[in-house]
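The values are calculated or read from the model by the stated rules, or taken from the named source; none is laboratory data. Computed from a predicted structure; not experimentally measured. Cβ coordinates were reconstructed from backbone atoms using ideal geometry, including for glycine residues, and neighbour counts include every protein chain displayed.
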């Protein structure tokens, strides 16, 4: 479905209320007929205020869980719950429920913000014996170099302290 402007949504609502068919409206705006029906029902239930959003609405994990429980526990239909809650589409609730079931009936918050740019190397789950030996040898070389560096750094710091004490 293409993004519809606020004005488009209002026009769709009034065209449907004036008797135009869902199919003709859907063809005109290049959207699905179900989207037209959902939009009309959403506006009927919640008014035009539900369409006025400057940015995406954020739902807390508690809110999501309450909404999901209405469908899974109270056996309400996805469509009616989505309209009652004023969700932009019923597909949003379908995705929440799918992820909820995939995560073992736990709400997992999606991390927000920019992804880290540094690449994190993951260990392979099944390494061969040669790969394990090579990785451990590289780790050993790195740790030895780190130890040498810290020893030299300590020696330099100690030498500076000794020079300062001699000057006094």
Open item on the list: Here is a list: 135, 112, 70, 154. Which entry is surrounded by 13 or more Cβ atoms within 10 Å (Cβ to Cβ) and either under 30 Å from residue 4 (Cβ atoms) or at pLDDT 90 or above (or both)?
Closed with: 70
TODO: At least 1 residues that are outside the structural domain of residue 11 (by TED's automatic domain parsing) in each: list the helices (runs of 4 or more DSSP H) lying fully within the stretch 28-85 that qualify.
DONE: 61-72, 78-85
- [ ] Please work out which one of (1) within 20 Å of residue 82 (Cα to Cα); (2) not assigned by TED's automatic domain parsing to the domain that holds residue 87 is the condition residue 18 fails and give its number.
- [x] (1)
Open item on the list: So, residue 52, is that one within 26 Å of residue 13 (Cβ to Cβ) and modelled with pLDDT of 90 or more or not?
Closed with: no
- [ ] Output the qualifying pairs, or none if there are none: Cβ atoms under 7 angstrom, residues six or more apart or on different chains, first residue in the stretch 20-31 and within 16 Å of residue 5 (Cα to Cα), second residue outside any helix (DSSP H, G or I).
- [x] 26/32; 29/4; 30/2; 31/1; 31/2
